[in-house]
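**Q** Here it is, the structure in full.
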Amino acid sequence: MARTAIDKRDHADPPRVEVLTESKSPNYPVGKMLISSPRELEAVIHRIPEGRVLTLAALRANLAKAHRADYTCPLTTGIFLRVVGEAAEEERAARGGDVAPYWRVVRDDGALIDTLPGGTEAQARRLVAEDVTVLFLGKVPKVTEVSHFAWTPPALGKAGLKAAPAKRSGRR
């Protein structure tokens, strides 16, 4: 039987820091690289206020800082983000209510992420419903003026990653 996204999220390996002594590529330079976990991503994502977005770079930097790593693995971050989104949709279908607002995570240039549940169309619909301006030119919709809508997560220690979701406290 196929594993559910909730199972993948809840039973993933714990975060770990690997030391790379040789560069594997420009995305994997020498240094301490964090391989996070879906639960850690979910903890940060739960804190993104409505009407704001978090770039993948800011998400990875926040997680790396919490673990005193130089950077967070971009590949596993993308995989874990998809798992968080799929688990949120499974939870919404099962019980309704608030779920991790994974649709508030965008690429660094504001482009929406096609691997999230419902693709870029669903992500755009949710962001527009929260008054985030999305531009629909070209193949991939983008959040316009990412810096205007960007949210920077507060510096968190490992304990802070388990904090309760932030409530909306105003537009900007």
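**Q** Limited to segment 22-36, what total is found for residues that are over 22 Å from the mean Cα position of the chain (by Cα), loosely packed, with under 11 Cβ neighbours inside 10 Å and not in a strand (DSSP E or B)?
**A** 2
**Q** Could I ask something else about it? Hey, could you check segment 119-133 for residues that are without any contact (Cβ under 8 Å) to a residue 12 or more places away in the chain and among the small types (Gly, Ala, Ser) and say which is surrounded by the fewest Cβ atoms within 10 Å (Cβ to Cβ)?
**A** Filtering first and then ranking leaves Ala129.
**Q** Exactly one condition in (1) assigned to a strand (DSSP E or B); (2) in contact with an Asp or Glu (Cβ under 8 Å, 6 or more places away or on another chain); (3) among the hydrophobic types (A, V, I, L, M, F, W, C) is not met by Val19; state its number.
**A** (2)
**Q** If I filter segment 86-109 for residues that are part of a loop (DSSP other than H, G, I, E, B) and crowded, with 22+ Cβ neighbours inside 10 Å, do I get at least one hit?
**A** yes
**Q** Still on this structure, I have one more. Could you check, for segment 114-122, whether at least one of its residues is part of a loop (DSSP other than H, G, I, E, B), of a type outside the set (Ser, Thr, Tyr), in contact with a strand residue (DSSP E or B) (Cβ under 9 Å, 6 or more places away or on another chain) and at pLDDT 95 or above?
**A** Within segment 114-122, one or more residues are part of a loop (DSSP other than H, G, I, E, B), of a type outside the set (Ser, Thr, Tyr), in contact with a strand residue (DSSP E or B) (Cβ under 9 Å, 6 or more places away or on another chain) and at pLDDT 95 or above.
**Q** Out of (1) surrounded by fewer than 18 Cβ atoms within 10 Å (Cβ to Cβ); (2) free of Cβ contacts under 8 Å to residues at least 40 places away in the same chain, what's the single condition that is false for Thr4?
**A** Just one mismatch for Thr4, condition (2).
**Q** Is there any pair with a first residue in segment 9-30 that is over 16 Å from Ala61 (Cα atoms) and in contact (Cβ under 8 Å) with a residue 12 or more places away in the chain and a second that is in a loop (DSSP other than H, G, I, E, B) and β-branched (Val, Ile, Thr) whose Cβ atoms are under 6 Å apart and which are 6 or more apart or on different chains, and what are they?
**A** Filtered contacts from segment 9-30: Leu20/Val30.
**Q** For segment 42-69, how many residues are of a type in the set (Asp, Glu) and either part of a helix (DSSP H, G or I) or without any contact (Cβ under 8 Å) to a residue 40 or more places away in the chain (or both)?
**A** Within segment 42-69, residues that are of a type in the set (Asp, Glu) and either part of a helix (DSSP H, G or I) or without any contact (Cβ under 8 Å) to a residue 40 or more places away in the chain (or both) number 1.
**Q** On to the next question. Being out of contact with any Asp or Glu (no Cβ under 6 Å at 6 or more places or on another chain) and closer than 14 Å to Leu54 by Cβ is the filter here, so list the residues in segment 85-108 that pass it.
**A** Gly85, Pro101, Tyr102, Trp103, Arg104, Val105, Val106, Arg107, Asp108
**Q** Given the conditions (1) surrounded by fewer than 22 Cβ atoms within 10 Å (Cβ to Cβ); (2) farther than 20 Å from Pro101 by Cβ, report the number of the one that Ala69 does not fulfil.
**A** (1)
**Q** Can you tell me which of Asp131, Asp108 is modelled with pLDDT of 90 or more, among the acidic types (Asp, Glu) and at positive phi?
**A** Selected residue: Asp131, the only one of Asp131, Asp108 that is modelled with pLDDT of 90 or more, among the acidic types (Asp, Glu) and at positive phi.
**Q** Follow-up. Within the group Arg9, Arg16, which residue is of a type in the set (Lys, Arg), more than 14 Å from Leu75 (Cα to Cα) and surrounded by fewer than 20 Cβ atoms within 10 Å (Cβ to Cβ)?
**A** Arg16
The values are calculated or read from the model by the stated rules, or taken from the named source; none is laboratory data. Everything quoted here is computed from the prediction, not taken from an experiment. Cβ sites come from the backbone with ideal geometry, for glycine too, and all protein chains shown count toward neighbours.
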